[in-house]
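The values are calculated or read from the model by the stated rules, or taken from the named source; none is laboratory data. All of these numbers come straight from a predicted model, not from anything done at the bench. Methodologically, a virtual Cβ is constructed for each residue, glycine included, from the backbone with ideal geometry; neighbour enumeration extends over all protein chains shown.
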Amino acid sequence: MIATVDWNEIWRQAQAKKKGGSRRDPAFWDKRAPEFTRHATASDYIGQFLGIMKPEAEWSVLDIGCAAGTLAVPLAPAVKSITALDPSAVMLSLLEERCRKHEIGNVRAVRGRWEDDWDDLGIGVHDIAIASRSLVVEDLRDAVLKLQSRARKRVYIATLVGDGPYDRKVIEAAGRQWFPGADYIVVYNVLRQMGIYANISLTCTVNDTGYGSLEEALDSMRWMLYEMSPEEEENVRNYLKGTLVPDGGGWKLPYSRIERWAVIWWDPDGNL
C-alpha cells in the first residue's frame with residue numbers, strides 16, 4: 001500500500017467512470033431481478049462464501065443488498081435470524097416467495113438502500129454484517145463505517161476480483177467499451193488506510209455453461225448488458241453465431257472463464 005494514495009478517491013473515480021448511478025436506482029434491480037436471481041443462485045459462490053463464513057447457530061445477521069436471498073436463503077437454517085435489506089421491491093418479493101417455498105421463518109425483509117437512515121428502517125445492531133457483492137456506493141469509506149457500526153462480532157464484504165462474472169468479449173462484441181471498475185485491491189487498501197487489518201480469501205468458480213440454443217445463450221448474458229439497444233443485441237447475437245461450438249445436444253463458448261470474488265472480513269473491535 002502506498003500511504004500517499006487516496007484509495008477512497010480512486011474508488012470514487014472508478015464508480016463514476018462505471019456509471020454506477022443507474023445501479024443505485026431500485027428500478028434497475030426491479031427489472032433485472034428474475035434473470036439476476038437465476039444467474040446468482042446457479043453459482044457455487046454461495047457454498048464457498050458460507051465455507052469461509054462458518055456460520056454459528058446463535059448469530060443474528062444483517063445482509064445488505066440481499067437481492068432475492070442469494071445468501072439469506074441458504075444461510076437461514078444455520079443462524080438465529082437474518083435482516084435482509086435491499087432497495088428492490090421485486091427482489092424482496094422473490095426473497096419472500098423463496099422463504100415460503102423452503103418454510104423459512106427467520107428472515108425479515110426490509111426495503112432500503114445504503115443511503116437511507118437505517119435507524120428509521122428499524123435496522124438495529126447484529127452479530128454479523130454482510131455486504132456480499134453489493135458495494136454499489138460512491139463513498140466506500142462511509143459505507144464501511146456504516147456497515148461496521150451494525151456489527152458486534154464480524155463484518156464480511158465480498159467484492160470483485162478482476163473481471164469477476166463479466167465476459168469482456170461479449171461486452172466488447174456488443175460494441176460497448178469494457179471497464180472493469182475498482183476491484184478488491186482498492187477495497188483492501190481503503191480498509192488498511194482506515195486502520196482495519198482484514199482477512200481475505202478468494203472464491204473461484206469455473207464458468208463453462210452450456211446452452212440449449214443461441215437464444216438461450218443470448219438471454220443468459222442480458223444481465224451483463226443492461227438495456228441493450230436493438231443494434232447491441234444484434235451484435236451479440238452475431239458474435240454468438242460465430243463463436244458458439246457444439247456441446248452434446250447444445251452449445252457452449254469455446255473458452256472457460258474463471259470467476260473470482262474476494263471475501264474480506266474483520267472483527268470490528270480487534271480487526272481479527
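When you look at A68, is it among the small types (G, A, S) and modelled with pLDDT of 95 or more, yes or no? Considered against the rule, which asks whether it is among the small types (G, A, S) and modelled with pLDDT of 95 or more, A68 comes out as no. Filtering region 214-239 to residues that are without any contact (Cβ under 8 Å) to a residue 60 or more places away in the chain and aliphatic (A, V, I, L, M) leaves L214, A217, L218, M221, M224, L225, M228.
Yes/no per residue for (1) among the hydroxyl-bearing types (S, T, Y); (2) surrounded by fewer than 16 Cβ atoms within 10 Å (Cβ to Cβ); (3) modelled with pLDDT under 95:
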position	(1), (2), (3)
R100	no, yes, no
E103	no, yes, no
G112	no, no, no
L121	no, yes, no
A131	no, no, no
L140	no, no, no
R150	no, no, no
T159	yes, no, no
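Restricting region 8-22 to residues that are exposed (fewer than 15 other Cβ atoms within 10 Å of the Cβ) and outside any loop (DSSP other than H, G, I, E, B) leaves a set whose member that is modelled with the highest pLDDT is E9. Restricting attention to region 172-187, the residues being not charged (D, E, K, R) and not in a loop (DSSP other than H, G, I, E, B) number 6.
Considered as a group, the residues in region 172-191 that are modelled with pLDDT of 95 or more and over 17 Å from the mean Cα position of the chain (by Cα) include one that is farthest from K17 (Cα to Cα), and that residue is L191.
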